[in-house]
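The values are calculated or read from the model by the stated rules, or taken from the named source; none is laboratory data. Everything numeric here is computed off the predicted structure, so don't read it as measured data. Note: ideal-geometry Cβ built from the backbone for every residue, glycine included; neighbour counts use all protein chains shown. Areas reflect the complete protein model, heavy atoms only, side chains present, ligands, DNA and RNA absent. Shrake-Rupley method; radii C 1.70, N 1.55, O 1.52, S 1.80 Å.
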Amino acid sequence: MNLQIIDRQLVRQLLPMKTCIELMKTAMAQTASGSTCQPPRWIIALPSGEGRGFGLMPGAMRSPDVFGAKLTAVYPENGAKGLQSHQGAIVLFDAIIGAPVAVVHGGEVTAIRTAAASALATQILSAPDAGDLAILGCGEQAREHLVAMACVRKLRRVRIWGRNPERALKFAHENTELSPVPIEVCKTVNTAVHQADLICTVTAADTPVLTSADVADGAHINVVGSSIAAAAEIDNQLVKRARFFVDFRPSALQQAGEFLAAKTAGLVTDDHILAEIGQVLNKQHAGRQTADEVTIYKSLGIPAEDLTCANYLYQTAVERGLGARVPF
């Protein structure tokens, strides 16, 4: 039996954003249909440094018929070093004989598929003419979300804010070619999101950086940066105000920090999570209903996203004779 090795460069080569957005449709639809097995992520804090964690995301799917797991180390400080904050690997297994068939660079898949999932949510939930984009955060996910948003909406304005002004300026300079319009660097969150109808929060903040008072009616917000129950990028009032959608309800009920904070404050109940994105995609639930309502997509990331991407990469690499194959 041979094991296919798909490194970071090959992931980037074979998984362009538009392709990944289409793959996210498969992952989200399968999740919403109940044909996947995806326990909530298992995460442990690492004693080697504050904020560091190690996570296991196992899962199985029927279509494609695969199973496997992503092993991920999260090092928030890596961004300042020019490294990926998420390091790891996805191990893909063949469902017929139960053998591992591929090891895929987990950090690169995570970077692309996270933004692609936000793009799918934006395509489904935002106003059709939305195009005034504000990105809060200036790391890897800020870059990927800029690319992803441009895939699903015609951007007429792009603003960036970061807690480190120098990094925000560097981001604008280095990513000029990725934006269809000049990237404006803002000193405050309020300036960045003023009248924006697309907002992506991709920070490593533990406490809210975005408040309801900052957000205009009609905006769609992708809340991406916080991924544990103890952290929140947006305030309770914004959670309460918005129509709230998630990638996977069981995970959100345990780990969506923004929702849990608002619930603890007595502002919302579990019913405030209206639907999974896949349910909206499958026409099981309505998405945006009026032009002036605020919609939120809370992203945690799910194994179906990783497995769908890993299977596509494995099949494509084999078909094209790319990547290393080693006996196993």
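Over the chain, the alpha carbon radius of gyration divided by the compact-protein estimate 2.2 N^0.38 Å works out to 0.95. Based on Cα contacts under 8 Å between residues 6+ apart, the chain shows a relative contact order of 22 percent. Across the range 1-86, C-alpha contacts under 8 Å between residues 6 or more apart give a mean separation that, scaled by the residue count, equals a relative contact order of 18 percent.
Kirkwood-type hydrodynamic radius, the range 125-253: 14.7 Å, calculated from all non-identical alpha-carbon pairs.
As a length-normalised measure over Cα pairs under 8 Å and 6 or more apart, the relative contact order of the range 43-179 settles at 15 percent.
Only four residue types carry charge here, +1 at the Cβ of Lys and Arg and -1 at the Cβ of Asp and Glu. Report the dipole size of the range 106-236 about the Cα centre in Debye, rounded to the nearest 20. Display every interim value, and only then the final one.
Numbers: 11 positive and 15 negative charges, 45 e Å.
My answer is approximately 220 debye.
Taken about its Cα centre, the range 240-328 carries a charge dipole of roughly 60 debye when the Cβ of each Lys and Arg holds +1 and the Cβ of each Asp and Glu holds -1.
As a test of reading the structure, rank Phe245, Phe54 by solvent-accessible area (1.4 Å probe, protein chains only), most first. If you can, show how the numbers build up before the last one.
Details: Phe245 0, Phe54 70 Å².
Most to least solvent-accessible, the answer reads Phe54, Phe245.
Can you give me the convex hull volume of the Cα atoms of the range 282-328, divided per residue and expressed in Å³? Present the calculation step by step, with values, prior to reporting the outcome.
Details: hull volume 7.6 nm³, N = 47.
Hull volume over Cα atoms, normalised by residue count, gives 161 Å³.
Placing dummy labels 7 Å off each Cα toward the beta-carbon, the span from Asp217 to Thr191 is 2.7 nm. Couplings 3J(HN,Hα) of the range 202-212, computed from phi: 10, 9, 9, 5, 8, 10, x, 9, 10, 10, 4 Hz, in residue order, whole Hz [Karplus 6.51 cos²θ - 1.76 cosθ + 1.60, θ = phi - 60°; x for Gly and Pro]. Compute, for Met1, the solvent-accessible surface of its heavy atoms (probe 1.4 Å) with the complete set of protein chains present, and express it in square angstrom to the nearest 10. Roll a 1.4 Å probe over it and Met1 shows about 110 Å². Simple rule: put +1 on each Lys or Arg Cβ and -1 on each Asp or Glu Cβ in the range 10-117, find the dipole, and look at Val11, Met57, Ala102; the Cα lying farthest toward the positive end is Val11. So what does Ile124 come to for accessible area, using a 1.4 Å probe and Å² rounded to 10? Spelled out: Ile124, probe radius 1.4 Å, area about 40 Å². Taken per residue, the accessible surface of the chain reaches 42 Å², heavy atoms only and a 1.4 Å probe.
Karplus-based coupling profile of the range 224-232, in residue order and whole Hz: 10, x, 7, 9, 10, 5, 8, 10, 8, with θ = phi - 60° in 6.51 cos²θ - 1.76 cosθ + 1.60 and x standing for Gly or Pro. Pairs exceeding 20 Å between alpha-carbon atoms, taken from Lys81/Lys187; Lys25/Lys240; Lys81/Lys170; Lys18/Lys154: Lys81/Lys187; Lys25/Lys240.
Taking all protein chains together and rolling a 1.4 Å probe, Arg325 ends up with roughly 130 Å² accessible.
If the segment from Lys240 to Asp129 were pulled out straight at 0.36 nm per residue, it would be longer than the present Cα-Cα gap by 37.5 nm. Subtracting the Cα-Cα distance of Thr290 and Leu71 from 0.36 nm times their residue separation leaves 74.8 nm of extension gain.
Could you work out what % of the accessible surface of the chain is carbon and sulfur, using a 1.4 angstrom probe and leaving DNA, RNA and ligands out of the count? Solvent-exposed carbon and sulfur of the chain make up 54 percent of the total.
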